[in-house]
Each structure stands twice: as structure tokens, then as C-alpha cells.
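Chemist: My structure is below; once you've seen it, I'll send some questions.
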2 protein chains.
Amino acid sequence: MPADQALVRRANLSLVLRHLHERGPRSRAAVAAETGLNKTTVTSLVAELQARGLLKETGPQHEGAIGRPGLPLALDGSAVGALGVEVNVDYIAVFATDLGGRVLIDRRVSFDAMSCPAERTLAELESIIRQASDGLQALGVHLAGITVAVPGLVDTACGLVVVAPNLDWHNVPVAAWLSRRAGQESGELLAQVPPAAPGMVATAGGLVAGPASAPVGGLGAVDGPQAPITVDNDANLAALAEYTATGVPDLVYLTGEVGVGGGIIAGGRLLGGADGFAGEVGHVLVDPGGERCGCGRIGCWETKVGLAALIRKISPEQAYGTPHQVLRDPEERLAELQLLRAAGEPGVEEALAEVGRWLGRGAATLVNLFNPRVIVLGGYFAQLAEALIPVAQEELERIGVAGSVARCRFVASDLGFGAASRGAAGVVVQRVLADPTLIAVRP
Amino acid sequence: MPADQALVRRANLSLVLRHLHERGPRSRAAVAAETGLNKTTVTSLVAELQARGLLKETGPQHEGAIGRPGLPLALDGSAVGALGVEVNVDYIAVFATDLGGRVLIDRRVSFDAMSCPAERTLAELESIIRQASDGLQALGVHLAGITVAVPGLVDTACGLVVVAPNLDWHNVPVAAWLSRRAGQESGELLAQVPPAAPGMVATAGGLVAGPASAPVGGLGAVDGPQAPITVDNDANLAALAEYTATGVPDLVYLTGEVGVGGGIIAGGRLLGGADGFAGEVGHVLVDPGGERCGCGRIGCWETKVGLAALIRKISPEQAYGTPHQVLRDPEERLAELQLLRAAGEPGVEEALAEVGRWLGRGAATLVNLFNPRVIVLGGYFAQLAEALIPVAQEELERIGVAGSVARCRFVASDLGFGAASRGAAGVVVQRVLADPTLIAVRP
């Protein structure tokens, strides 16, 4: 096929697969009528998608039956897995689905990434990915890809974390590192491993060089452990998960963790910016006379509304910085905080109101600039939504430009801690829907 | 045709027209190969686009010649006009092109919209649009549409200016008003004019009800003065003009006028937000202890970097607020300021440096949130770029998050005052490229 025709073919494979993914099972004739593709083309595309294990015929099944045009088609992909892993200051979360969205893994483990060197955290990540990959393989599911979520600025083309202030990571080549480890352990392909460089695609069971936008490792993905690894910002991935869950095309997602990140969905698309660094809400200057932030600057929004700031307000002696405190799971720490509230501990309600007011002030800037329909509060913000939202909403309406704020509401995310790992797995699913040729034809 | 097929047909007409618009003249065979459409379809689409006067065959012409497949095709549209009109605090700008981008009108008139009631300004706008429309008609060009640029929050679906603080406009139904005027003067169609309501499409020579996204008035546009009128924010339109001129897909455009607006291009698309209100940079809070803004709040960015703020710093007695000062053209006022600079007038350089520093501070927030490759300075910022940019760039790099700012540069726009009118005409061209059936088949 000429290059242009191959592109058209790939786009049409994606069109048919997405159509069935979004609209549900239907016949070849219906797919043809609804997409505008002609019937012969649809028949050929469907045959290829079946050969790649992505579609199945529904209705009565006969052994050895050959595809009949009248039978409804449905997305299959039950043997194709998508893995998302999120590393945060105090936990690592893992989430996996098959292509149809069936949840295969959903767990979170406490991990003190804040007081570890980057290599220790990466080793832990690698071990968790290997476990998950083995677990999926035992289920007959082969990984189509892995996305790692990190709370920092990520060069997505290279899988490089440029800076993650709260992890104290600077220029950490996550994708390359994870791949190199895998290569060393399997004792093969190591000689072919180039150092972290733009345009390299890392895979969990070895390394394949090629442009990141068209991972050549993907073709082998269902035949072995060589799933391409990509890296993205945690808040961006959580925003995608929230968009998938709610369908609201203009939303801002805020991660309430030790740090505060933002993911922006605008017109149904993730706002990436020129380098994938958009949405760095935590380090927007809100108080020139305020406190010093983990990033070294003064008066960042995160120093007003981050979990560390809240804990410092309530009990300065429990402030972050000691490994002992960090090692505890965020849910556990919040349960304790709820107990303090219930006990009428002095200062707790005022500390929450103060965080709520600063949430509203910062949100006014976000609303003026992005005009979202909702601001979704994730992480600890969601757990304390009842106390934070009324104050934040009032402050937003007091400060924001009329019109913009009138129809914007704070809402609490239902996705809990680990929303980013869910979004990370979703990214892998979307990648396959966009290019079904990433999944190899079955032997 | 079934509805789905009509949609596919329209999309394919657009595909062919855009292809020729972007890649230049080529044969039907080349169009077929490059778009993936089959040759029979391309022949039929081309015939329809020719009947609508949007394509022509190039090469040797014979009287009465019938289209021959081998002849190269090119965009025509020389009889289809796009009109953009910008109302600002102290001027009205008009810009018109044909579909191929040939500039037909480009002028700006001083007008004191700041001290006029809205109706007076709208009457002036209407008169200017009528003149332009008549002028184009005399050239044999029929208007496909009119877009009005306004410095404020615009409900684009209704053509309603929700608020334009520096014009003191609140809920001004610009599209409906302009159409009603046109209806009254021509003495017809007035009975059919509904009050401003969602989903209404206003046309300069009458009113046609229908959804704004598919203006039914458009079909008659080349047969008379009934060009659909849409309204949008001035900075958004200027950003589109800048994107068209430079091709940079991630940029922030700042209008340096009495007020300061922002238009955001993200991933090659204008960022609208849920209501089209995104990019309200002028009223982002930057100094809680600062001055009161025209919008009523304290410490908006515009109070630090707007033209009024600069003039107030240099010569408080010349501050805005007196009609005499406002009536002068911004270029004239800036020429005077340059003379003051050249004469070494005390305070001028320091005032410019102060504005430059605040430009950098506000820009740090924009860079953290949007991660643009460039920040384009329009209006008066462009005229004084030499003095403002070095200071602003230094401040941006001092404050912004590492990584994000490393590759973002301030640049001065080449488009001058009136960039928004250029973008406004561009929007009309894009609308026709997206849906060529807006242009009627020639009788």
C-alpha cells in the first residue's frame, strides 16, 4: 500500500473500532450506513479487526463459523490489557482494564517516595509493574501498553520527568530506566539499549528504538511482555479519567495531595501545551508575602491548599518532613483528621475554612482563564468536600469575573486517590482505539 | 439523501476545499490520491464546488469548456467576501478579504466608544458595515458572513455581549440589534424579528431564525445582503489571526489596549471554554493591595499593564476618563509617548520598566497554566516591545516554573491595532471552508 493509503486504512480501522466502542454492538450494514464507509470496505476492515482480536460477532455461535454479514459485531479486546501506574508522594497506585473497560487490577500501596532516592522508587515501580504484568498474563491478558503517572512536569515524548518538586526528582528518565531494568533482569537486548534520548520508545521487556508517536514495540505487545511505556503528569491523567466518567467537556481537575496539580479538559481534549507542561496550578503565585514552597518560590497556591499546608495549620508538630509521617496512607491520615473534627478539636474548622477560601481565590483565576463548567476536586479535597466546597464556591463567586463564574461549580471527584492510575490505563485504551494496528494479528 | 449521507457529503466537500486551500492547485487525480477519496466521488464533489463558485480550473481556458479531469483545480471564491469589524474603546477597525485571502478592505477609524451609550456605538457599527457591504457589492463580492469583535465576554451562540467593562456594556445583544436596524431601514422582515434569543441567527439585511451553528441565512448570502452576523471576543479573534500568520499552535495573544484581553491557541485550536469566556486575563488578580479596576475589583492585571495604567504612570493629568483624551487614535497617542521617551522625559523609562515587570509576573501564571511556546504582544505592547520585552522576559524566567518558561518567548505582533478585525474576517473564511454548502449554487 502507498503511505497515504496505509494512513487512510489505519484511520478507517480506528473509525470502525471507535464506532463500536462508543455506540455498542451493531451489524456491518449499520456501521457502513452510520460512518459513510462503503460496505465492501467495512467488511474488509472488520475482518482485519477480528484477526487482531479486537472485534467479535455476537449472536448464536457455531464451531468454525465464518463471519456472516448479518451478525452484530461487538468490541472484544478481552485479551488486550491496559496498565496504569501512579507514583505519588506517599503511595503507588495500580489500575488495569481490558479494552472493553473491565477492571482487572485496582489497588494502592503506601510508599514513601518523598524520602527515597529516585532509583529506589523506580525499582519499586518496576517490581509492581512486573507483578501486574505477570498477573495479567496468568489471566490470558497481554499488555498493549503501560502509562506511568507522576506528579511533575513530564516530557511525554521522551518519557522524562523534568521536575517533580515534591519527589525531588530532576530529569529522571522514567521510561528508559524502567526498560533498562527489565532488560538487565532478562539479560537480553541490553547491548541495543541507547541512553535516554528523544524519540525512543521504552518497553517493559526490552527496548525498541523508534518514534514515540508510533511505538514499533506495540506490534509485538500481545506476543510477549514488550509493552510500550509512556509517562504523563498525574493531574492530566486524573482529568482524563474524570472526563471519561462524567462526559463534561470543559473541566479542571485539581489533585489534592501533598502537592496540588491541575489537569485541564477543554472542548473535550486534554490541554497539553507546547511541551505537555500545561496545568501547573500548584505553583501559580497567589500570595507574594506568603510562605516558601517546596519548589523554592514564595507564595505558590500549593502552600495555601496542599495537604501539607492543611496539616501544618491543624497540628504544626505533625507537619511533613519526617519520614514517619509520610509513610502513612493519605486515607488513614484523613480518617484521623475526621476524628479530630468530630471531637471538636479547636482550629480544625477554621483551618478547613482557610483552605476553602484559598481554593476559591485560586479557582477564580482558573475560571477567568479556562471558563470550565466544573472544577473537580480530587484526592484529599474530595474527602473533605463537605467542609471545603461551600466556602470555596462563595469566594469564587465573590472574586471571579461575572458571567464566567455564574455557571461554574465545584464538585467532588468520586474516583478517590489513584484517579490518575485509572486515567493512565484509559490512555492506553485510547491509543489502541486510535491505532488498532498496534495490536498484532493473531498467529 | 439520508441525513447521515448529507453530513458525509458536506464533510467531503469541506475536505476537498480545504485540501486545495492548504496545498494549492492540483488535479482531481492528485486530490483523490492524497485524501483517500475515490476518483468518482472527487469528480462529483468538484462539480458541486464549481457550481457554488468556490473552485476553478486553471490552465488554458476555452469558452464553454467543460471540466476536464486532467486540468489542475484551484480555490476560487473571488466573489465570496468575509467581513470582520472590531469595536474597541477608542476605534473601530474594518477588514475584508475574499475566500482566497485577497485583502479588500483594511481601515481603522477613531471612535470614542468609551463615552457613548451602546446604541450610539451600534449605530456607528451598522453604518460602517453597510458602507463596507456596499463597497464589496460594487466589486462584485457578496458577503458570506460578518464577525464583530468586542473587548468583553461574549455569548457567541446568541451574539450577545454579556459584559464589556471598558465599554460599560452589559447584556448588549449586538447581533440582534444590528440585524434589527438593517430590517428597519429596509422596511421589511421586521415583523419576523424575534427579540434576542438563543439559537437566533442575525443577518445584516433581515433576520432568519435557526441554530447559530448552521446559519440558514447563509444560503442566501451571495444573493443579497443577508450575511449572517456572529460576535466574538476581540482577543480570541486576534489570537486566531496571529495563529494564521505564524502557524505556532500553542500561543497566548495579549491585547494591549485600554483593557487587556487574552486569546489562547492550544494545540492549534482556540480555547473557548464552556461559554466562550476563556482567556479573561485582564481581570486575573495579581495584587490584592493594588488599585481598583474598571470592573470594580481590586488588583486586576489590567490595572498594572493596561494602556490607561501606563499613561497614568507617565502623566497622571492625561489619564483616561476625559472624552478629549479618549478620542485620539492609539497610534497617535503612542507616537507622542515615543517623543517623550526620545526627549528623555523623566519617569517614562521607569514607567515602561514597571509595566514590563508586571507583564512578566502575569505571564508566569499564563505559562504555568497554558505552557505556550510564545506570548504574542499586540496593540500598544507591540509598539513599545523594545522597551517592554527584555524586562518582561527576565521577570518571567525569574518567577515561572522551571521547564515551562525555558522555551517560552515574548514576541511582538506584526498585525498592529485591528488584528482582531483580521481574525474576525478569518473566522468567516473558516466557516465557509468547513461548510461549503453555506454558499448557494449559482443560478
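Chemist: Scan segment B:322-333 and give yes if some residue there is modelled with pLDDT of 85 or more and either open to solvent by less than 20 Å² (accessible area, probe 1.4 Å) or within 14 Å of chain A (Cβ to nearest Cβ) (or both), otherwise no.
Modeler: Here is the first cut: in segment B:322-333, the residues modelled with pLDDT of 85 or more are none.
Looking through segment B:322-333, none of the residues is modelled with pLDDT of 85 or more and either open to solvent by less than 20 Å² (accessible area, probe 1.4 Å) or within 14 Å of chain A (Cβ to nearest Cβ) (or both).
Chemist: Report every pair of residues separated by at least 6 positions or lying on different chains whose Cβ atoms are under 7 Å apart, first residue within segment B:126-142 and touching a residue at least 40 places away in the same chain (Cβ under 8 Å) and open to solvent by less than 80 Å² (accessible area, probe 1.4 Å), second of a type in the set (Lys, Arg) and not in a strand (DSSP E or B).
Modeler: Listed by first residue and then by second, the contacts come to B:126/B:181.
Chemist: Further question on the same structure: Within the bounds of segment A:399-406, is there any residue that is open to solvent by less than 10 Å² (accessible area, probe 1.4 Å), among the small types (Gly, Ala, Ser) and away from every other protein chain (no Cβ under 14 Å)?
Modeler: no
Chemist: Can you pull out the residues in segment B:270-284 that are acidic (Asp, Glu) and surrounded by fewer than 24 Cβ atoms within 10 Å (Cβ to Cβ)?
Modeler: Once the filter is applied, which keeps residues that are acidic (Asp, Glu) and surrounded by fewer than 24 Cβ atoms within 10 Å (Cβ to Cβ), segment B:270-284 yields only B:275.
Chemist: With segment A:330-396 as the region, which helices (runs of 4 or more DSSP H) entirely inside it contain at least 3 residues that are in contact with an Asp or Glu (Cβ under 7 Å, 6 or more places away or on another chain)? Lay out the reasoning, then the answer.
Modeler: Details: elements: A:330-342, A:348-370, A:379-383.
Once the helices (runs of 4 or more DSSP H) in segment A:330-396 are filtered for at least 3 residues that are in contact with an Asp or Glu (Cβ under 7 Å, 6 or more places away or on another chain), what remains is A:348-370.
Chemist: Let me ask another. Considering only segment A:349-367, I want to know if a residue exists there that is closer than 20 Å to residue A:246 by Cβ and within 18 Å of the chain's Cα centre (by Cα). Break it down stepwise before answering.
Modeler: Taking segment A:349-367 and keeping what is closer than 20 Å to residue A:246 by Cβ, we get A:359, A:363, A:366-367.
Keeping just the survivors that are within 18 Å of the chain's Cα centre (by Cα) gives none.
Scanning segment A:349-367, I find no residue that is closer than 20 Å to residue A:246 by Cβ and within 18 Å of the chain's Cα centre (by Cα), so the answer is no.
Chemist: Please go through segment A:366-392 and give me each residue that is buried (at least 24 other Cβ atoms within 10 Å of the Cβ), within 14 Å of chain B (Cβ to nearest Cβ) and touching a residue at least 24 places away in the same chain (Cβ under 8 Å), ordered by number.
Modeler: A:366, A:367, A:368, A:370, A:371, A:372, A:375, A:376
Chemist: Can you confirm whether segment A:285-296 contains a residue that is outside any strand (DSSP E or B), surrounded by fewer than 24 Cβ atoms within 10 Å (Cβ to Cβ) and more than 13 Å from every other protein chain (Cβ to nearest Cβ)?
Modeler: In the first step, residues of segment A:285-296 are kept if they are outside any strand (DSSP E or B); the result is A:286-291, A:293-296.
Those left that are additionally surrounded by fewer than 24 Cβ atoms within 10 Å (Cβ to Cβ): A:286-291, A:293-296.
Narrowing the set further to residues that are more than 13 Å from every other protein chain (Cβ to nearest Cβ) leaves A:291.
Yes, because at least one residue in segment A:285-296 is outside any strand (DSSP E or B), surrounded by fewer than 24 Cβ atoms within 10 Å (Cβ to Cβ) and more than 13 Å from every other protein chain (Cβ to nearest Cβ).
Chemist: Then there is this: What are the residues in segment B:1-22 that are more than 25 Å from residue A:33 (Cβ to Cβ) and at pLDDT below 90, if any?
Modeler: B:22
Chemist: Would you pick out the residues in segment A:297-310 that are more than 9 Å from every other protein chain (Cβ to nearest Cβ) and either assigned to a loop (DSSP other than H, G, I, E, B) or of a type in the set (Asp, Glu) (or both)?
Modeler: A:299, A:301, A:302, A:306
Chemist: Hey, among the residues in segment A:239-269 that are more than 9 Å from every other protein chain (Cβ to nearest Cβ) and surrounded by fewer than 22 Cβ atoms within 10 Å (Cβ to Cβ), which one's nearest to residue A:366 (Cα to Cα)? Quick ask: steps written out before the conclusion?
Modeler: So in segment A:239-269, the residues more than 9 Å from every other protein chain (Cβ to nearest Cβ) come out as A:239-247, A:252-261, A:263, A:265, A:268.
Filter once more, keeping what is surrounded by fewer than 22 Cβ atoms within 10 Å (Cβ to Cβ): A:244-247, A:268.
Numbers: A:244: 21, A:245: 22, A:246: 20, A:247: 20, A:268: 17 Å.
In this case the residue turns out to be A:268.
Chemist: Count, please, the residues in segment A:1-32 that happen to be more than 27 Å from the chain's Cα centre (by Cα) and open to solvent by less than 60 Å² (accessible area, probe 1.4 Å). Outline the logic, then answer.
Modeler: So in segment A:1-32, the residues more than 27 Å from the chain's Cα centre (by Cα) come out as A:1-9, A:25-32.
Filter once more, so that each one left must be open to solvent by less than 60 Å² (accessible area, probe 1.4 Å): A:6, A:8-9, A:26-32.
Total meeting the criteria: 10.
Chemist: Same structure, new question: Conditions: (1) at pLDDT below 90; (2) away from chain A (no Cβ under 14 Å); (3) open to solvent by 20 Å² or more (accessible area, probe 1.4 Å). Residue B:430 meets all but one. Number of the miss?
Modeler: (1)
Chemist: Can you pull out the residues in segment B:102-120 that are in a loop (DSSP other than H, G, I, E, B) and surrounded by 13 or more Cβ atoms within 10 Å (Cβ to Cβ)? I'd like the intermediate steps shown before the answer.
Modeler: Initial filter on segment B:102-120 (in a loop (DSSP other than H, G, I, E, B)): B:102, B:111-112, B:116-117.
Of everything in segment B:102-120, those that are in a loop (DSSP other than H, G, I, E, B) and surrounded by 13 or more Cβ atoms within 10 Å (Cβ to Cβ) turn out to be B:111, B:112, B:116.
Chemist: Considering only residues of segment B:159-181 that are part of a loop (DSSP other than H, G, I, E, B) and surrounded by fewer than 24 Cβ atoms within 10 Å (Cβ to Cβ), which is modelled with the lowest pLDDT? Steps first, answer last, please.
Modeler: Taking segment B:159-181 and keeping what is part of a loop (DSSP other than H, G, I, E, B), we get B:159, B:168, B:173.
Now drop any that are not surrounded by fewer than 24 Cβ atoms within 10 Å (Cβ to Cβ), which leaves B:168, B:173.
Numbers: B:168: 89, B:173: 95.
Within segment B:159-181, the match that is modelled with the lowest pLDDT is B:168.
The values are calculated or read from the model by the stated rules, or taken from the named source; none is laboratory data. It should be emphasised that the depicted structure is a prediction, and the values quoted were computed from it without experimental measurement. Counting neighbours? That spans all protein chains shown, and the Cβs are built from the backbone with ideal geometry, glycine included. Surface areas here come from the heavy atoms of the whole protein model, side chains and all, with no ligands, DNA or RNA. Shrake-Rupley method; radii C 1.70, N 1.55, O 1.52, S 1.80 Å.
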